[in-house]
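Report on the following structure.
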Amino acid sequence: MNLASASNQEIYKKWISASHKVGGGAMPQSMLFVNIQNQGKVGIILRSMEMETSRLDTSTNDVIAFDIQSILSDYWVGGMYEILRLLRARKLVDQTPLFNEIFEDIEPLRVTIEKLEISKDRKIKEPHPFIRVNPRPEDEPIFYDSQDSKRSHIMPKFVHRETGSIGWIVIDGLSMRERSVVRSDLSDKLLRMWS
C-alpha cells in the first residue's frame, strides 16, 4: 500500500487544511480538527486500498475479498456523518447546496450501516418487498416492515470499477428510490466543499 504516493500526499494536505479551516474555525476549543484529520487519515488508507483494488479484476463484485476495505469504508462513513451532523445541528456551517447533497448521501448510508434500517423508515406505511441482488429462482421477497422491531435492511455493496472504491445502493425512506453512493465520490465532494 503506497501511502506516500504524490496524489495521497496532496489529498492528505487537503484534509489537514480542511481540519484547521472547519474544525479550528467552527469549534477552536475542541478536538473537532483532530477528528477531521483522523477521518482524512482513514481516507488516505482507503485511497491506497482503492488504487490497488482498481487494478484488480473486480468483475465478480466480490466485496468479501475486500473485507478490510469495506469495514474501513463503513467506519469512515460513520465518522464523517457525525462530523457533518454536529456542524449542521449546531449551525456551525453554511448549508450550501453541496453540503446538503453530501448530507443527503451520507445520512442514509450511516443509518443503514449503523442502525441496520432504512433511513426515515417511519414514513414507510406498508411493508415493502425486497429481493436479493442477483436473485436465485427459489428466492422469495423479503418484506421490510417499519413497525417490526426485528426489521433490518441489508444494503447492497459493490466495488466501483474505475475507482476501486466501495459503493452502496441506498434507499430513501421517503420516496423508496434507490441510488448508488461511492465512498471516494463523497470524499472528493467533502474536500471540494472544504477547500
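None of the figures in this text is laboratory data; all of them are computed from the coordinates on show. Source: prediction; values computed, not measured. Cβ: placed from backbone, ideal geometry, glycine included. Neighbour counts: every protein chain shown.
The figures follow:
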item	result
Qualifying GluC sites (Glu not before Pro) in region 99-195, DSSP loop, other Cβ atoms within 10 Å at most 13	GLU138, GLU162
Spin-label model distance (nm) - ALA89 vs ARG136, 7 Å beyond Cα toward Cβ	4.3
Low-density loop positions, trypsin sites (Lys or Arg not before Pro), region 102-153 - DSSP coil, at most 12 other Cβ in 10 Å	LYS125, ARG132, LYS150
Lysine-lysine proximity count for region 61-193, Cα under 22 Å, sequence distance 8 or more or distinct chains	11
Estimated Rh, the chain: Kirkwood, alpha-carbon pairs, angstrom	17.9
Fluctuation leader among MET49, MET80, MET27 - the chain, Gaussian network, Cα springs under 10 angstrom	MET27
Top of SER70, SER180, SER30 by mean-square fluctuation, Gaussian network on the chain, Cα under 10 Å	SER30
Karplus-derived HN-Hα couplings along region 72-80 (A = 6.51, B = -1.76, C = 1.60, θ = phi - 60°), whole Hz, x at Gly and Pro	5, 5, 4, 4, 4, 4, x, x, 5
Dipole magnitude (debye, nearest 20) for the chain, charges at Cβ of Lys, Arg, Asp, Glu	780
Relative contact order computed over the chain (Cα-Cα under 8 Å; 6+ residues apart), in percent	23
Relative counts (whole %) of C-alpha pair distances in region 94-195, using bins that are 5 Å wide	2, 11, 20, 21, 18, 13, 8, 4, 1, 0, 0
Net charge of neighbours whose Cβ lies under 15 Å from the Cβ of THR96, counting Lys and Arg as +1 and Asp and Glu as -1	+1
Formal net charge of residues neighbouring LYS21 (Cβ-Cβ distance under 14 Å; K, R +1; D, E -1)	+2
Cβ-based net charge around ARG179, under 11 Å, with every Lys or Arg adding one and every Asp or Glu removing one	-3
